[in-house]
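Worksheet: one structure, shown below.
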Amino acid sequence: MPRVRPQRQGLVTMRLLLIRHAESQGNLERRLQGRREFPLTMRGVEQAQALAERLVTLPVSALYSSPVGRAMQTAEVIAAKACLDVISEPRLEEYDFGDAVSGLTWQEIRENEPAIVEAFRSDRAYFPAYPGSEGLVAFQGRVRAAMHDIAERHDGRESVAVITHAGPITLFLMDVLGREYRRPIPFVLDNASITTVEVNDGARSHVPRVIVTGINDACHVNHIQSQDRAGGT
């Protein structure tokens, strides 16, 4: 069990627990899921249950989820354990990669859109453009707005769980860390992992308003971890 960091004296702080959904069938098959629907695997259900056991020890006062099935399934397991309602937040959906590649395996993408695979193999800092995709600016706008609005709805000293996908968590973390959303991503996000961001009340001007205090805490699923580790590339 990781050491819990003490509350910063004099600060009123709420915590956003950013959680990547449990393993889906798309993760297992190494598909570029985007907004396509893939249910949790049996291992994913076990991960969600272990995650729920972990979260009730914190405790969590509210539970938000992307409406995409794999995130909502994960959230519903947590909700049943924590006796909370799931608040659906569409702005937490994964990046829309477009119809041309969404749901495909990387082998299928290599056959249908070889330029995308070549871009990933190159030394380019920026992610490749996907045909018909959502676009980075729109993605950044909705994720930032969702995180801001969730934080503003809750008082200090609350812990709020946000069940979403690797893309939105990565984007928000890069924002908080003051880094551009580009390659390589300097961390990984495992299925059912918890990443903690503290939002303080702004009473002390020398303390950053938003602070990352933990990334990819997955100790509760180490014994049932999947192979799909997002980021770190």
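The values are calculated or read from the model by the stated rules, or taken from the named source; none is laboratory data. Predicted model, so just to flag it, every value in this text is computed and none were measured. Cβ: placed from backbone, ideal geometry, glycine included. Neighbour counts: every protein chain shown.
If you filter the stretch 167-185 down to residues that are surrounded by 13 or more Cβ atoms within 10 Å (Cβ to Cβ) and assigned to a loop (DSSP other than H, G, I, E, B), you find that the one that is modelled with the highest pLDDT is Leu177.
Apart from one condition, Ile194 fits all of (1) modelled with pLDDT under 95; (2) within 14 Å of the chain's Cα centre (by Cα); the exception is (1). Going by the structure shown, is Gly156 among the small types (Gly, Ala, Ser) and in contact (Cβ under 8 Å) with a residue 24 or more places away in the chain? Answer is yes for this residue. When restricted to residues that are of a type in the set (A, V, I, L, M, F, W, C), touching a Leu at 6+ places or on another chain (Cβ under 8 Å) and part of a helix (DSSP H, G or I), the stretch 58-116 contains 8.
Any idea which residue in the stretch 153-166 is modelled with the highest pLDDT, counting only those that are of a type outside the set (S, T, N, Q), within 17 Å of Val212 (Cα to Cα) and surrounded by fewer than 20 Cβ atoms within 10 Å (Cβ to Cβ)? Looking at the filtered set, the residue picked out is Glu158. Give all pairs with beta carbons closer than 8 Å in which a residue from the stretch 5-24 that is farther than 17 Å from Tyr95 by Cα and polar (S, T, N, Q) meets a residue that is outside any strand (DSSP E or B) and at pLDDT below 95; count only pairs at least 6 apart in sequence or on separate chains. Note: pairs meeting the criteria are Gln7/Arg157; Thr13/Gln7; Thr13/Gly156; Thr13/Arg157; Thr13/Asp201. May I ask you to list pairs of residues, at least six apart or on different chains, whose Cβ atoms are under 9 Å apart, with the first in the stretch 56-80 being acidic (Asp, Glu) and the second being surrounded by fewer than 23 Cβ atoms within 10 Å (Cβ to Cβ) and modelled with pLDDT of 95 or more? Taking only residues 6 or more apart or on different chains, the pairs are Glu76/Val86. In the stretch 68-87, what residues are among the basic types (Lys, Arg) and under 13 Å from Ala50 (Cα atoms)? Within the stretch 68-87, Lys81 is the sole residue that qualifies.
Going through (1) more than 27 Å from Asp85 (Cα to Cα); (2) without any contact (Cβ under 8 Å) to a residue 24 or more places away in the chain one by one, Gly103 falls short only on (2). Tell me whether the stretch 68-79 contains one or more residues that are hydrophobic (A, V, I, L, M, F, W, C) and at positive phi. The answer is no, given that none of the residues of the stretch 68-79 is hydrophobic (A, V, I, L, M, F, W, C) and at positive phi.
Listed here are the residues, each with its yes/no results for (1) polar (S, T, N, Q); (2) at pLDDT 95 or above.
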residue	(1), (2)
Met14	no, no
Arg20	no, yes
Gln25	yes, yes
Gln47	yes, yes
Val77	no, yes
Pro114	no, no
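Residue check: Asp201 meets all listed conditions (1) surrounded by fewer than 18 Cβ atoms within 10 Å (Cβ to Cβ); (2) modelled with pLDDT of 85 or more; (3) touching a Ser or Thr at 6+ places or on another chain (Cβ under 9 Å) but one, namely (2). Looking at the stretch 116-147, which of the residues that are loosely packed, with under 13 Cβ neighbours inside 10 Å and either at pLDDT 90 or above or hydroxyl-bearing (Ser, Thr, Tyr) (or both) is nearest to Leu18 (Cα to Cα)? Taking the candidates together, the pick is Ala145.
Here Ala62 qualifies as over 16 Å from Ser24 (Cβ atoms), in contact with a His (Cβ under 7 Å, 6 or more places away or on another chain) and either small (Gly, Ala, Ser) or at pLDDT below 95 (or both).
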